[in-house]
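The structure appears below as structure tokens.
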Amino acid sequence: MKKGILVAIVSVVLFSCQQEKTAFVNNEKLIEEYQERIDIEDKYKVLMEDYTKKKDSFRNAFKAEVAAFQAQAKSMPADKAQEIYDMLGQKQQQIQQNEQIQERTISQQSQGEIDGLLKTIDAAIIAHGEANGYTYIFGKNKVGSVQYGAEKNDITKTILDNLNKTYSETK
């Protein structure tokens, strides 16, 4: 009986002494310095610059067409001027609709890539945690699920290095 109680006490003491392995990741730094995120941002910056140039070109051409019409409208019969005015209004609406569609398409593509990137980051953190025996890996950010973490428990650089290495190998 005494041995049973002693074994139970020793078991409880050993179990309560086990430390859970925890770490944290600085989410902002991880995302900010992840090369794939930088490449996605650069890609969409170039796409938006190209789109803006095309959009400005179409708008300038339309403005020139409107100016030419306004110069000729005074010498046109009223019904002909109204017909061209209506046509220009429809053309303006079509230009605006095309711009909205293009902007929405770029936004959806960008969001899709960012969503994929976040899934990749989550998977890398989970894999690192499982491979290294962590019980918990917390995320540190400005609004703070981790207000403080000892530097030795910050695995951001390890995760970031692994992500960047994997990404560069797939490029």
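Rule-based calculations on the coordinates, nothing more; no lab input. What you see is a predicted model; the values in this text were computed from it and never measured. Quick reminder, even Gly has a Cβ in these numbers, built from the backbone with ideal geometry, and neighbours come from all protein chains shown.
Given only helices, namely DSSP H runs of n ≥ 4 each adding -39500 (n - 2.57), what is the per-residue ellipticity at 222 nm of the chain, to the nearest 500 deg cm²/dmol?
Here the helix-only value at 222 nm equals -27500 deg cm²/dmol.
Compute the distance in nm between two label points, each set 7 Å from the Cα along the Cα-to-Cβ direction, one at residue 99 and one at residue 68.
2.1
Over 26 Å between Cα atoms, which of 45/119; 21/142; 53/171; 29/171; 142/171; 43/63 qualify?
As for pairs spanning more than 26 Å Cα to Cα, those are 53/171; 142/171; 43/63.
Go through (1) 180; (2) 135; (3) 108 and flag the label whose value is the computed volume of the Cα convex hull per residue in Å³ for this structure.
(1)
Using the basic label-point model (7 angstrom from Cα toward the beta carbon), what is the residue 45 to residue 80 distance in nanometres?
Distance between the two pseudo-spin positions: 5.2 nm.
Where the centre of each part is set by its Cα atoms, how far does segment 86-115 sit from segment 131-171, in angstrom?
38
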